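Visitor: First the structure, which I've put down as structure tokens, then a few questions once you've had a look.
Values in this text are rule-based calculations from the coordinates and carry no lab data. A quick note: this is a predicted structure, and the numbers were derived from the prediction, not measured. Positions of Cβ are generated from backbone atoms using ideal geometry, with glycine treated the same way; all protein chains shown enter the neighbour counts.
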Amino acid sequence: MRPVILAVSILIAALGWAGIRAAENPPSADDEENLPQSVDRGFDLTRLSIFTDPKEPLDPVLATIYYLSFLREEIETPTPPHRGIGGGIDHHYVLAQIIHAGADGNVRRAALLAEAGKAAPGEFRDAVRITLGMQGEKSVVPFLVEYLGNAKNPYWLRVKAAHALLRYPDASAVSVLASCLKDPFYVAVTTMQPAKCYDIRILALSSLRALEKAGTAIPPAVKADMEGAVTRELLPPGAKAISHTQP
């Protein structure tokens, strides 16, 4: 069942995260509507289905080769901003999809640790470390905490760092997760009932709840913030894509 779900997710990603726009350094609503549709679209996200093809499953060695190749390709030749059927696609959005597919795609953890150990500081190393975090590698938790806590880092990659800390909650992340309950970035969902969805807040809240359930002591002030966390705000019916700029 899981491969089917991921395959559907990849298809949705290829179409532009249907009905959703990113909140990272966004253009205006009018500019988003005018994003080019016929330019070079960069990385084809449907290629990621190779990780979930039940007819030709990849062994760990080959999966790792494909993953690292895709990652380097996107970093060396970033996907230009353009419109999918349902919304905008850009470099960091694509990078986040590659990270997710690699984390769930039978990629060898030992190989990723080796790559992270020898890579120079930068986007490639960050992406590999986030992938490791999504695989449950505890040695990268300090990096995930620092990365998530820095609002200057790309929104979509911070979402994946938060996702890793939800998959594998760690008590050392309580402080940064608490701060993320008020994270200002969101995506605007304009299908059905238009709304602002604060993805990082949602992931942070779920992580804190998981830690609390597991017995981690959550400070009273953080509990109060959890109770009052706003993760979704409705928009007027028929609202167009609304973007939130960086503070």
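Visitor: For A114, what is the net charge nearby, where nearby means another residue's Cβ is under 14 Å from its Cβ and Lys, Arg count +1, Asp, Glu -1?
Guide: Spelling it out: positives minus negatives among the neighbours equals +3.
Visitor: Follow-up question, since we're still on this one. Among K55/K196; K196/K223; K138/K223; K118/K196, which pairs are too far apart, with a Cα-Cα distance over 32 Å?
Guide: Check vs 32 Å cut-off fails for K55/K196; K118/K196.
Visitor: OK, next. Give me the one-decimal nm value for the distance between modelled label points at R72 and L235, 7 Å along each residue's Cα-to-Cβ direction.
Guide: It is 4.0 nm.
Visitor: What FRET efficiency would be calculated for the residue pair A224, K138, taking the C-beta separation as r and a Förster radius of 22 Å, to the nearest 0.05?
Guide: Between A224 and K138 the formula returns 0.15.
Visitor: Mean shadow of region 123-196, computed from the convex hull of its alpha carbons, in nm²?
Guide: Reported value for the Cα convex hull: 5.5 nm².
Visitor: Measuring from label point to label point, each 7 Å out along Cα→Cβ, what is the R108 to S172 span in nm?
Guide: Taking the two extended label points, one gets 2.7 nm.
Visitor: Just to verify a number: FRET efficiency for K55 and N150, C-beta to C-beta distance, R0 = 41 Å, to 0.05?
Guide: 0.50
Visitor: Which of the trypsin sites (Lys or Arg not before Pro) across region 123-202 are loop residues per DSSP, with 16 or fewer other Cβ within 10 Å?
Guide: The qualifying sites are K152, K182.
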